[in-house]
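J.: One structure follows; several queries about it will come next.
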Amino acid sequence: MVRKFFCAIGALMVAGAAYAQQWPTKPVRVIVNVAPGGVADVTARVLSARLTETLGQTFLVENRAGGDGYIGFEAVARSEPDGYTLLYSPGSSMMMAPHIVKRPDLDPTKALTPVAATGAVSLYVLLRPEFPAKSFEEFHAYARANPGKLNYGSPGNGTSPHIAVEVFNREANVKLNHIPYKGAGPALKDLMGGQIDLAFDPGVGLAAAKDGRLRMVAVAGPVRHPGFPDVPTLEEKGIKGVDGGPHFGFYAPAATPREVVDRLNREVLKVMKEPLVLERFKALAVNLAEPMTPQQFAAYVHSEYARYAKLLPELNIGH
């Protein structure tokens, strides 16, 4: 009996390895749970294009925005766990939103398995063109003198920019009003049109800041942006704890064969070392994730999830 058991286990392992070697034999759907135009969407398309070339099957990006990321979660969680439907998600959807969205029927941290971390963003404090402040000091003074009168746009409830601004409200002693959108792209459009006053932008507005259509006054991140050397970080101004949130990454349905998850992890890490991919990430000002195995990425997700479980109630978000 014992010999039969180990023979069966061995046969399953051989079959799993063979499946992983053959995979993919047909197109792979990559569902992005945010709107087109944001950094998560753009990086998903950059990586999917390279995976299409390196693996010989189309990696087809499909946006399923809305529901604070849960429309995308649902589509992937309910798909066949065969490696042919994947999720690409911002870290905020996976590690912050579950503390805010009450969906006992769908816990993304249980329904999905982490595959590969890709990168995280700094955030850029961008003001509408006619805003009466020219520097961070002037913006900060204006915001403090006008509590509750300035509106900021975010890619949605529970996203990294939303949490970042609420931390900023607390640390900078200001009160900015939250206007949630269905992605960073739509928020940027309204900022440029003057419908909102500012945004903590994840990088999609850099070109507009460069050519003067928007004004950048600070960076919420570890370092200044090389394209804007005169713009200070919030840390330099004594405002701590404001950042772009956890890493973006690939996920698969929880029961996806381990061999497929491991293979996809290796392929993603490989294409992320390519100069063309690195150049695109740099242009988007994405901070690359340290290379992680699926197990290391899962530990990272668990740790960040626990961190936000403590932080969000302190900010009165989701309660």
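J.: Before we move on, is Val242 open to solvent by 30 Å² or more (accessible area, probe 1.4 Å), farther than 30 Å from Glu80 by Cβ and of a type in the set (A, V, I, L, M)?
T.: Working: open to solvent by 30 Å² or more (accessible area, probe 1.4 Å): no; farther than 30 Å from Glu80 by Cβ: yes; of a type in the set (A, V, I, L, M): yes.
No: the conditions fail for Val242.
J.: Moving on to the next point. Tell me which residues, restricted to the range 178-200, are within 22 Å of Asn316 (Cα to Cα) and not small (Gly, Ala, Ser). Working first, answer last.
T.: Step one: filter the range 178-200 for residues within 22 Å of Asn316 (Cα to Cα), giving 178-182, 198-200.
His178, Ile179, Pro180, Tyr181, Lys182, Leu198, Phe200, listed by residue number.
J.: Ser303 is checked against (1) open to solvent by 60 Å² or more (accessible area, probe 1.4 Å); (2) in a helix (DSSP H, G or I); (3) within 22 Å of Val223 (Cβ to Cβ) and fails just one. What number does that condition carry?
T.: Going through the list (1) open to solvent by 60 Å² or more (accessible area, probe 1.4 Å); (2) in a helix (DSSP H, G or I); (3) within 22 Å of Val223 (Cβ to Cβ), Ser303 breaks only (3).
J.: Can you tell me how many residues in the range 50-73 are open to solvent by 50 Å² or more (accessible area, probe 1.4 Å) and either farther than 23 Å from Pro186 by Cα or in contact (Cβ under 8 Å) with a residue 60 or more places away in the chain (or both)?
T.: 6
J.: Pro81: open to solvent by 10 Å² or more (accessible area, probe 1.4 Å), more than 19 Å from Lys26 (Cα to Cα) and either assigned to a loop (DSSP other than H, G, I, E, B) or not aliphatic (A, V, I, L, M) (or both), yes or no? Before you say what the answer is, go through the steps one by one.
T.: On the way: open to solvent by 10 Å² or more (accessible area, probe 1.4 Å): yes; more than 19 Å from Lys26 (Cα to Cα): no; either assigned to a loop (DSSP other than H, G, I, E, B) or not aliphatic (A, V, I, L, M) (or both): yes.
Judged against the criteria, Pro81 is not a match.
J.: Could you tell me which of the residues Tyr88, Tyr124 is farther than 30 Å from Val231 by Cα, of a type in the set (Phe, Trp, Tyr) and in contact with a helix residue (DSSP H, G or I) (Cβ under 8 Å, 6 or more places away or on another chain)? Working first, answer last.
T.: On the way: Tyr124 fails: farther than 30 Å from Val231 by Cα.
Tyr88 is the lone residue from the list that is farther than 30 Å from Val231 by Cα, of a type in the set (Phe, Trp, Tyr) and in contact with a helix residue (DSSP H, G or I) (Cβ under 8 Å, 6 or more places away or on another chain).
J.: Going through the range 202-213 one residue at a time, which ones are of a type outside the set (Lys, Arg) and open to solvent by 10 Å² or more (accessible area, probe 1.4 Å)?
T.: Taking the range 202-213 first, the residues of a type outside the set (Lys, Arg) are 202-209, 211-212.
If the condition is that a residue be of a type outside the set (Lys, Arg) and open to solvent by 10 Å² or more (accessible area, probe 1.4 Å), then Pro202, Val204, Leu206, Ala207, Ala209, Asp211, Gly212 are the ones that fit.
J.: So, one more: Restricting to the range 68-114, and then to whatever is under 14 Å from the mean Cα position of the chain (by Cα) and among the aliphatic types (A, V, I, L, M), can you tell me which residue is nearest to Tyr251 (Cα to Cα)?
T.: The extreme case among them is Leu87.
J.: Further, regarding this structure: Any idea which of Ile163, Ile179 is of a type in the set (Val, Ile, Thr) and out of contact with any strand residue (DSSP E or B) (no Cβ under 7 Å at 6 or more places or on another chain)? Reasoning before the result, please.
T.: Working: Ile179 fails: out of contact with any strand residue (DSSP E or B) (no Cβ under 7 Å at 6 or more places or on another chain).
When all the criteria are applied, what remains is Ile163.
J.: While we're looking at this one, here's another question. With crowded, with 22+ Cβ neighbours inside 10 Å, farther than 30 Å from Val268 by Cα and hydroxyl-bearing (Ser, Thr, Tyr) as the only criterion, which of Tyr124, Tyr152 stands out?
T.: The match here is Tyr152.
J.: Hey, another quick one. Looking at (1) over 18 Å from the mean Cα position of the chain (by Cα); (2) in contact (Cβ under 8 Å) with a residue 24 or more places away in the chain, which is the only condition Pro161 fails?
T.: Every listed condition holds for Pro161 apart from (1).
J.: Now for a separate question. Mind listing whichever residues of the range 213-238 are more than 25 Å from Ala289 (Cβ to Cβ), in contact (Cβ under 8 Å) with a residue 40 or more places away in the chain and not charged (D, E, K, R)?
T.: Across the range 213-238, the qualifying residues are Leu214, Val217, Pro232.
J.: Another question, then. May I ask you to list the residues in the range 17-45 that are open to solvent by less than 10 Å² (accessible area, probe 1.4 Å), in a helix (DSSP H, G or I) and either at pLDDT below 95 or touching an Asp or Glu at 6+ places or on another chain (Cβ under 6 Å) (or both)?
T.: Ala20, Val39, Ala40, Asp41
J.: Check whether at least one residue in the range 179-186 is in contact with a Phe, Trp or Tyr (Cβ under 9 Å, 6 or more places away or on another chain), touching a residue at least 12 places away in the same chain (Cβ under 8 Å), open to solvent by less than 10 Å² (accessible area, probe 1.4 Å) and farther than 9 Å from Arg128 by Cα, and report yes or no. I'd like the intermediate steps shown before the answer.
T.: Our first condition is that a residue be in contact with a Phe, Trp or Tyr (Cβ under 9 Å, 6 or more places away or on another chain); within the range 179-186, this holds for 179.
Of the ones still in play, those that are also touching a residue at least 12 places away in the same chain (Cβ under 8 Å) are 179.
This time we only want the ones that are open to solvent by less than 10 Å² (accessible area, probe 1.4 Å), so: none.
No, the range 179-186 contains no residue that is in contact with a Phe, Trp or Tyr (Cβ under 9 Å, 6 or more places away or on another chain), touching a residue at least 12 places away in the same chain (Cβ under 8 Å), open to solvent by less than 10 Å² (accessible area, probe 1.4 Å) and farther than 9 Å from Arg128 by Cα.
The values are calculated or read from the model by the stated rules, or taken from the named source; none is laboratory data. Being a predicted model, the structure only gives us computed values, none of them experimental. All Cβ positions, even for glycine, are placed from backbone atoms using ideal geometry, and neighbour counts span all protein chains on display. To get the accessible areas, we keep the full protein, side chains included, count just its heavy atoms, and leave off ligands, DNA and RNA. Shrake-Rupley method; radii C 1.70, N 1.55, O 1.52, S 1.80 Å.
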